[in-house]
Structures are given as C-alpha cells and as structure tokens.
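Here the structure is laid out as structure tokens; the discussion comes afterwards.
The values are calculated or read from the model by the stated rules, or taken from the named source; none is laboratory data. Here the structure is a predicted model, which means the values were calculated and not measured. A quick note on method: Cβ atoms are made from the backbone with ideal geometry, for glycine too, and the neighbour counts reach across all protein chains shown. Quick note on the areas: whole protein, heavy atoms, side chains included, nothing else; ligands and nucleic acids left out. Shrake-Rupley method; radii C 1.70, N 1.55, O 1.52, S 1.80 Å.
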Amino acid sequence: MSILKGYRVLDCSIAMAGPFAALRMGDMGADVIKVEPTTGEWQRHTSAGAAYGNVINTSFLSLNRNKRSLAVNLKDEEGKALLYKLVETADVFIQNYRPGVAARLGVDYETLKQIKPDLVYVSMSGYGETGPYSKRPGQDLLLQSLSGAMMSTGAAGTPPQPAGQYLVDAITAYTAFEGALAALLHRERTGEGQLVQINMLDAIIANQMQEMTVFTQGLKPQRRSEEPHGHCYIRAPYGVFKTADSYITLVTPHLPTLGKILNVPEFETMEDEVDGHTLPQRDFIFRVTREKLLERTTKEWRDVFDAEGLWSSEVNGYEEVVKDPQVIHNETFVEYDHPSEGRVKTPGFAIKFSKTPCSIQRPTPFVGQHTDEILSELGYSDQQIAALKETNTVTRTNGEKLNG
C-alpha cells in the first residue's frame, strides 16, 4: 500500500510549482483530483522547448501523472457548489492563484474551512499574500533575480547567470509538499486542519541557508571574481573548465597537489583557505588552471585527479544523463504507456520507501477525463451530470484537443 493512500488532494494550481507538489503526493498514493477550467489548465497550452506532444502538451504531461481531471467552471454557481461538495471529501487543497483571486472565487481558506474544518489548505504565491511585491508576477527567473542567487556565480562585470532549470519553481514545489505533509501529520495528532502559506521568494532564500548566513553572520560580501568562478563563497579553483576534447568540473583541490599535477610552482606554496579565497589570487588560480586543463582530455584529467584524490567530474548533457550507469542503476527514470503520447519516459521518484513505495497508477489525464467518475462518487446522477455539461459548468474529454 502506498503511504498516502486514502488521502484526497484537490489540485487547483497551475504552471509548475503547485502541480509538481501535487504530483509528489500522487506518487505516494494520494487521490489527486486536478480541478481545472473547462478549457484546460494554462500549462496545457504553453510549451517548454516547443514540445507540444500529440494531444497533451509535454510540459503538462511531465507534471500531472497520478491525477484525475475534473474540468469545471468555478465562476458558475453550480460549478462552485460542485467544488464545495468535493471539498467535503478532501484532505488537502492546493492553489497558487494570484493574491486575492481565491477569495473572489470563493475558494479561500476562510470559506473552505467552514465546509471542512480539518482541511489542510496550501496557498502558494510568488512573494507573499500581502506586501509591496504581492502583485508582481511570480515567475522563476524573476525570483532568481530578486533572491540574490545569481550574484554568487559568473564573472565580475558580466551579467549574473541564471540556473539552467526552473529552480525556484522546483524548490517551491518541494517546500509546499513538505508543508502539506507536516500539516497532515499535525492533523493526525490533533484533528486540526490549518492554512499553510508558501511563497517563492522565501523558498529560494531559505534554500540559500548557508550562503545567506555567511553574509548575515560571517559578514562576508558577495564578491564575484574577474574569472567565472563557480561560487563566490567557495575557494578557487571551483568551476567548469574546457579540456582538449570537452569540459571538466574541478572542485577545491589541494593547491600544492594541483600545482604538482599542473606543473605550476606558484600553487605549491599557496594555502588553500587563504589564497583560494583572496582576490587577486583567486583569479590567478582560476586563470592558470583554465589554461593548463586545455592540454589533456577530460578522461585523462579525471584519471589523474582520481589517482591523487582530487574531486572532479565530467560534464553531462541530458543525452549523457539518461545513459549514465549510476542513473540506470538507481532507476532514476520511469516509463509508462500513455493513450495519446505513447511510451513516456520521465524522472521518477526521488524518495524510496522500503514498505510504501511510490508508483504510477494513472497517466496524465485529458481535460476533464474523470469528470463523470468524480461527480458520480459525489452522488450526482447521470441526468444531473448531463445537465451540468449542457450548461458548460463541467467538461469531459477523452483524447480530443480543446482550444483554450
């Protein structure tokens, strides 16, 4: 049995952070019902990398397995009544509407807790529910910019470097997932539901626990080097370097040892924790290392560094990642069949339970695919369901594309 079997999660979120948090709960066995507009959630119509899929947008496909879809118009009074009835059966409600929207729709915490007092209500936002930035768009790159994260990498005088992933979205998703589980544990102990508020700005700042404390407590400013050092608070050399055939990552090697390997006598008299942190020595160390590493291939350097106990790694792209022997050994990716998208290969489960393993019980749904099923569970008759469809309060599809 999966660890969250028997819990019901209503996923009223869009884009990445909210759906990703709900997906994790679905992977652990929760009955996740994706409550989306009758035209489909926003992410169904917005691609990443122009990967549109056959019927289901690939971005949406990646974030919505193990969910059932209920397509309902929440601006319709009958649709809202339907949702309220569903809330009576729910354990967790997740939304990431812009601040104020949930209240206008009548699905805010104060309203829903009157229906289900022990509800765990997870409200996600970009910057917080109130405050001077509350109306700003909560987009990943904007939050990377505002959080200070980008100023720890790259070269001085060049634009700060964003992460190559939707980093803030992912961190926020895991923060929301953690918050939902903790609130469920509290409910198990006390019977009390509660409001759980997560915002992207706090999540990405909290994720910089070590770096921020070095600044606030250690009083060390962020100082980017002239060379593209990998992190302003880690000693040189630290970063990615070109070799004779590709790239290699080198992480804080013992400088005298590195000096012997590279035939750089200046390194042999240096102190790691002094020269490795101090400008201009840090730039000198990085620049000389960069020049020397061009002389051999990545494999040749890896062999030398491994023999001397220095930390290094080849640099993989996604093509190499999916074939990596450790990734294969870990069964990091999972595969399943989808009725419109065929064989789907996607990252699997980062948490492995010995007794309650995660699994894929449902492929990503079509828009409103489970509307009839869910309404039947709530006691609606076939005639009532047909009437709701007639007024466009709800929608059910089974593989056809909808314009949205």
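Order ASP11, ASP31, most accessible first, counting only protein heavy atoms with a 1.4 angstrom probe.
Values: ASP11 0, ASP31 40 Å².
If we order ASP11, ASP31 from most to least accessible, we get ASP31, ASP11.
Given THR393, GLY368, SER354, which one lies farthest toward the positive end of the charge dipole of the stretch 331-404, if we put +1 on the Cβ of every Lys and Arg and -1 on the Cβ of every Asp and Glu?
SER354
Could you work out which residue, out of PHE284, PHE177, PHE20, moves most in a Gaussian network model of the chain, that is, has the largest mean-square fluctuation with Cα springs under 10 Å?
PHE284
Based on the inverse mean of 1/r over its pairs of different Cα atoms, what is the Kirkwood hydrodynamic radius of the stretch 137-195, in Å? The partial results should precede the final answer.
Working: mean 1/r = 0.0724 Å⁻¹.
Hydrodynamic radius (Kirkwood, Cα pairs) of the stretch 137-195 is 13.8 Å.
Looking at the chain as a GNM with Cα springs under 10 Å, which of MET150, MET28, MET270 has the largest mean-square fluctuation?
Residue with maximal mean-square fluctuation among MET150, MET28, MET270: MET270.
With contacts defined as alpha carbon pairs under 8 Å and 6 or more residues apart, what's the relative contact order of the chain in percent?
Values: 714 pairs, mean separation 84.4, N = 404.
So the answer I get is 21 percent.
Using a 1.4 angstrom probe on heavy atoms only, work out the carbon and sulfur share of the accessible area of the stretch 6-52 in %. Could the numbers behind the result be given before it?
Numbers: 840 of 1360 Å².
Reported share for carbon and sulfur atoms: 62 percent.
So what's the angle, to the nearest 10 degrees on a 0 to 90 scale, between helix 167-190 and the longest Cα principal axis of the chain?
Taking the Cα atoms of the chain, the angle to 167-190 is about 60 degrees.
Using alpha carbons only, how many degrees (0 to 90, rounded to 10) separate the axis of helix 281-292 from the longest principal axis of the chain?
The helix 281-292 is inclined about 90 degrees to the chain.
Rounded to whole Å and sorted largest first, list the principal axis extents of the Cα atoms in the stretch 288-404.
Rounded to whole Å, the extents work out to 76, 40, 24 Å.
Explain nothing, just the number: dipole magnitude of the chain about its Cα centre with +1 on each Lys and Arg Cβ and -1 on each Asp and Glu Cβ, in debye rounded to the nearest 20. List each step's numbers first, then the result.
Details: 41 positive and 51 negative charges, 130 e Å.
Value, rounded to 20: 620 debye.
Between LEU255, PRO280, CYS232, whose Cα lies farthest towards the positive end of the dipole of the stretch 209-287 when Lys and Arg beta carbons carry +1 and Asp and Glu beta carbons carry -1, centred on the Cα centre?
With unit charges placed on the Cβ atoms, the residue in question is CYS232.
Sort TRP301, TRP311, TRP42 by accessible area with a 1.4 Å probe, largest first. Intermediate results must be reported in sequence, preceding the final value.
Numbers: TRP301 5, TRP311 170, TRP42 130 Å².
Sorted by accessible area, descending: TRP311, TRP42, TRP301.
Using the Cα centre of the stretch 1-147 as the reference point, and only Cβ charges (+1 on K/R, -1 on D/E), how large is the resulting charge dipole? Debye, rounded to the nearest 20. Walk me through the numbers before you get to the answer.
On the way: 17 positive and 15 negative charges, 38 e Å.
For the stretch 1-147, the charge dipole is close to 180 debye.
Keeping all protein chains in place, calculate the accessible area per residue for the chain (probe 1.4 angstrom), answer in Å². Spell out each step's value before the answer.
Numbers: 20410 Å² over 404 residues.
It amounts to 51 Å² per residue over the chain.
Highest mean first, how do 286-296, 213-223 rank when packing is the count of other Cβ atoms within 10 Å averaged over residues? Don't skip to the end; give the middle numbers.
Numbers: 286-296: 16.9, 213-223: 11.5.
Going by the mean number of other Cβ atoms within 10 Å, highest first, we get 286-296, 213-223.
What is the percent of Cα-Cα separations in the chain that go past 30 Å? Please list the in-between numbers first.
Values: 42024 of 81406 pairs.
Within the chain, distances greater than 30 Å cover 52 percent of Cα pairs.
Ordering LYS67, LYS355 by how much accessible area each has at a 1.4 Å probe, largest first, what is the list? Write down the numbers at each step before the final one.
On the way: LYS67 0, LYS355 175 Å².
These residues rank, largest area first, as LYS355, LYS67.
What residues of the stretch 316-360 lie in the reach of a label at GLU188, counting those whose backbone N is under 18 Å from a point 7 Å from the Cα along Cα→Cβ?
Inside the label zone: 351-359.
Dipole size in debye (nearest 20) for the stretch 297-404 around its Cα centre, Lys and Arg Cβ +1, Asp and Glu Cβ -1?
The dipole magnitude comes to about 320 debye.
What are the extents of the Cα atoms of the stretch 22-170 along their three principal axes, in Å, largest first?
For the stretch 22-170, the Cα spread along each principal axis is 57, 42, 29 Å.
When the accessible area of the stretch 292-376 is computed with all protein chains present and a 1.4 Å probe, what percentage of it is carbon and sulfur? Provide the component values of the computation, followed by the final result.
Values: 2770 of 5340 Å².
Carbon and sulfur: 52 percent of the exposed surface of the stretch 292-376.
As a quick test, which of the pairs LYS75/LYS116; LYS220/LYS242; LYS67/LYS135; LYS116/LYS389 have an alpha carbon distance above 23 angstrom in this structure? Don't jump to the answer; show the numbers that get you there.
Details: LYS75/LYS116 21 Å; LYS220/LYS242 30 Å; LYS67/LYS135 30 Å; LYS116/LYS389 27 Å.
In this structure, LYS220/LYS242; LYS67/LYS135; LYS116/LYS389 exceed 23 Å between Cα atoms.
Using the Cβ atoms and a cut-off under 12 Å, what net charge is assigned to the surroundings of HIS370, where Lys and Arg are +1 and Asp and Glu are -1? Show your work: numbers first, answer last.
Values: positive: LYS34, LYS67, ARG68, ARG362, ARG396; negative: ASP31, GLU36, ASP372, GLU373, GLU377.
Spelling it out: positives minus negatives among the neighbours equals 0.
Quick one: helix 17-27 against the long Cα principal axis of the chain, what's the angle to the nearest 10°, folded into 0 to 90?
With rounding to tens, the tilt is 80 degrees.
What part of the accessible area of the stretch 184-253, given as a whole %, is carbon or sulfur when the probe is 1.4 angstrom? Display every interim value, and only then the final one.
Working: 2060 of 3960 Å².
Looking at the stretch 184-253 in its full context, I get 52 percent from C and S.
Only helical DSSP H runs with n ≥ 4 go in: add -39500 (n - 2.57) per run for the chain, normalise by residue count and round the 222 nm mean residue ellipticity to 500 deg cm²/dmol. Let's see the in-between values first.
Working: 18 runs with 151 residues, N = 404.
Computed ellipticity for the chain at 222 nm equals -10000 deg cm²/dmol.
Would you mind checking which residues have amide H under 5 Å from ASN199's amide H? H placed 1.01 Å from N; only 5 or more apart, or other chain.
Result for ASN199 returns SER125.
Tell me, what is the FRET efficiency for THR249 and ARG136 to the nearest 0.05, using R0 = 35 angstrom and their Cβ-Cβ distance as r? Before the final figure, lay out each step's value.
Details: r = 35 Å, r/R0 = 1.00.
According to the calculation, E is roughly 0.50.
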